[in-house]
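Novice: Right, I'll just put the structure down here and ask away after.
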Amino acid sequence: MLALCGAHGALYGQAQKWLRYRLQNRIGAQQRAGAILTMYRIRFHGRGGQGMKTASRILGMAFFLEGYEIQDAPRYGAERRGAPIFAYVRADDQPIFERGIITHPDLVVVADDSLVPVPAAGVLGGVDQHTVLLINSDQSAETWQRRLNLDSRIISLPAETIERDELRFIGATCTGAAARLLGVIKRVSLEYAIEQELADLSDAVIEQNLSRALLAYDCMKRNQACVQPVADTEADAYTRPDWIDLPFDDARIAAPDIHAAANSVQIKTGLWRTLRPVIDYERCNRCWWVCSTFCPDGAIKVDGKTPLIDYDHCKGCMVCVAQCPPHAIEAIPEEVAQQQDAEQETIR
Ligand code: SF4
Ligand code: SF4
């Protein structure tokens, strides 16, 4: 017989309990399936560091506990904090054979509204009248409706679910709200999914994530089940993606060499920034090398001994803030910095 110590025994018992819970829901899901097969397709958009990957994992786990078959995966490139990323979740009563990025989402969750106008973020890709857009923004849903002129339904995260100066839990808030909009995830399943997915974190952090997610879940009551899945697409009915046929070239041409120098200058990575590093020149002791050396984007140049930040290409990773010996670089929320710029412009 397997002998377990107290802590492991408790975990084992809990896992058994939740597997039984999943199994009961699974039977219900299979009965629900009937003749019409439907799949939920959800896309989370945010910036590296905002917890979108975890948000998709929690939602996937909550679906799983409800008896669904699921897929969840993040997509990000080599970039890091501040870069646009997305993660997606598919959930179906039946095994899922669809693969790849979700091109026609039922629900799009936007954790950071500054991403909407960034073409590289692809927030509005495949959005149509069927899609619900859940957005974290200071602006109202009506403002976004007018601004985007979309047929889709747009819902703003309620103000009481967001602490503007504390966005660490935005992932949990988005997940809680999304779970309620889907209408097929019970509160208890969301709760357990958070405990499971964040099990490696401290009790205090789990508790904070839980309270944010459950508050958002409760606040979305009047929009419950507004997201509707669409019938599964037959394999031969898929439209071919816009792939480009690349002819095979000689290895000297096809190898990953960079043929045009300095083209990264053309990519304005400053658009990705949520925090802006601002140098306090009174405090800067002109060490001349620390911030400019550590900046991974080469976005700080030194003029004489004075550091200057290139805001077109600083993507707000905050490495310079962490490295500056006399703490002369402050991190200011980008929207606050932009307001200050606008005020200064008006004075001039
Ligand atoms: S200037 Fe600072 S915040 Fe901006 S990219 Fe460089 S290290 Fe990161
Ligand atoms: S690291 Fe700090 S002290 Fe050194 S140049 Fe940069 S801002 Fe000034």
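Novice: Any residue in the range 74-91 that is modelled with pLDDT of 90 or more, outside any loop (DSSP other than H, G, I, E, B) and over 15 Å from Gly171 (Cα atoms)?
Specialist: Yes: one or more hits.
Novice: Taking the criterion of being assigned by TED's automatic domain parsing to the domain that holds Thr38, part of a loop (DSSP other than H, G, I, E, B) and more than 18 Å from the chain's Cα centre (by Cα), would at least one residue in the range 188-198 satisfy it?
Specialist: no
Novice: I'm told Gln339 meets every condition in (1) surrounded by 12 or more Cβ atoms within 10 Å (Cβ to Cβ); (2) over 23 Å from the mean Cα position of the chain (by Cα); (3) away from ligand 2 (no atom under 11 Å from the Cβ) except one. Can you identify the failing condition by its number?
Specialist: (1)
Novice: Somewhere in the range 312-326, is a residue under 17 Å from Ala83 (Cβ atoms), among the acidic types (Asp, Glu) and either touching a residue at least 60 places away in the same chain (Cβ under 8 Å) or within 9 Å of ligand 1 (Cβ to nearest atom) (or both)?
Specialist: Scanning the range 312-326, I find no residue that is under 17 Å from Ala83 (Cβ atoms), among the acidic types (Asp, Glu) and either touching a residue at least 60 places away in the same chain (Cβ under 8 Å) or within 9 Å of ligand 1 (Cβ to nearest atom) (or both), so the answer is no.
Novice: Quick one: Gly183 ticks every box in (1) modelled with pLDDT under 90; (2) at positive phi bar one, so which box is it?
Specialist: All conditions pass for Gly183, except number (1).
Novice: Just give me the residues in the range 262-299 being more than 13 Å from ligand 1 (Cβ to nearest atom), among the polar types (S, T, N, Q) and free of Cβ contacts under 8 Å to residues at least 12 places away in the same chain, in sequence order.
Specialist: The answer is Asn263, Gln266.
Novice: Related question: Is the range 265-278 home to any residue that is among the aromatic types (Phe, Trp, Tyr), under 26 Å from Val116 (Cα atoms) and modelled with pLDDT under 85?
Specialist: yes
The values are calculated or read from the model by the stated rules, or taken from the named source; none is laboratory data. What you are looking at is a predicted structure, and each value in this text was computed from that prediction instead of being measured. Note that we place each Cβ from the backbone using ideal geometry, even for glycine, and neighbour counts take in every protein chain shown.
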